[in-house]
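Participant: After the structure tokens below, expect a handful of questions from me.
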Amino acid sequence: MRQVKIFSSRSLRLEDNINEWLMKNESFNIVDIKMFRTEDFFYALVIYEVKKSK
């Protein structure tokens, strides 16, 4: 089942936040990342699946 996590930031540090989150959650398999910005904020929509354990 796919899940969604939304990140927001006033700077491009957003990418670092996503990488840190992924390192803490190694069982996540990223399906897609959409990034966009408004006048004041950067946003990322991360679509992921939890890897099935064997």
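Participant: Tell me which of A44, S11, F28 sits at the most positive position along the dipole axis of the chain, charges placed on C-beta atoms (Lys, Arg +1; Asp, Glu -1).
Facilitator: F28
Participant: Within straight cross-link reach of K51, meaning Cα distance under 13 Å, which aspartates and glutamates are found once same-chain residues fewer than 8 apart are removed?
Facilitator: Within the straight-line cut-off, K51 pairs with E26.
Participant: Here is a further query. DSSP loop (so not H, G, I, E, B), at most 15 other Cβ within 10 Å: list which trypsin sites (Lys or Arg not before Pro) in the stretch 1-52 pass both filters.
Facilitator: Of the trypsin sites (Lys or Arg not before Pro), the ones in loops of the stretch 1-52 whose Cβ has at most 15 other Cβ atoms within 10 Å are R10, R13, K51, K52.
Participant: Tell me which GluC sites (Glu not before Pro) from the chain have a DSSP coil assignment and no more than 10 other beta carbons within 10 Å of their own. Write down the numbers at each step before the final one.
Facilitator: Working: sites: E15, E20, E26, E39, E49; in loops: E26, E39.
Those that pass, being in a loop and sparsely packed, are E26, E39.
Participant: Provide D40, D32 ordered by accessible surface of protein heavy atoms (probe 1.4 Å), highest first.
Facilitator: Details: D40 85, D32 55 Å².
Output order, biggest surface exposure first: D40, D32.
Participant: Considering only the other residues whose Cβ falls under 14 Å of the Cβ of R10, what net charge follows from Lys and Arg at +1 and Asp and Glu at -1? Mind dumping the intermediate values first?
Facilitator: Values: positive: R13, R37; negative: E15, D16, E39, D40.
Neighbourhood net charge equals -2.
Participant: If the chain were replaced by its equivalent ellipsoid, with semi-axes equal to the square roots of 5 times the Cα gyration tensor eigenvalues, what would those be, largest first, whole Å?
Facilitator: That gives 24, 12, 6 Å for the three semi-axes.
Participant: Mean residue ellipticity at 222 nm from the helices of the chain, using -39,500 (n - 2.57) per DSSP H segment of n ≥ 4 over the full residue count, to the nearest 500 deg cm²/dmol?
Facilitator: Calculated from helices alone, the mean residue ellipticity at 222 nm is -6000 deg cm²/dmol.
Participant: Okay, next question. Counting only C-alpha contacts under 8 Å and six or more residues apart, can you give the relative contact order of the chain as a whole percent?
Facilitator: RCO, the chain: 48 percent.
Participant: To the nearest 20 debye, what is the magnitude of the charge dipole of the chain about its Cα centre, counting +1 on the Cβ of each Lys and Arg and -1 on the Cβ of each Asp and Glu?
Facilitator: The calculation lands at about 300 debye.
The values are calculated or read from the model by the stated rules, or taken from the named source; none is laboratory data. What you are looking at is a predicted structure, and each value in this text was computed from that prediction instead of being measured. Because the Cβ atoms are built from the backbone with ideal geometry, glycine has one as well, and the counts that use them run over all protein chains shown. When the accessible area is computed, the model is the full protein with side chains, heavy atoms only, and any ligands, DNA or RNA have been set aside. Shrake-Rupley method; radii C 1.70, N 1.55, O 1.52, S 1.80 Å.
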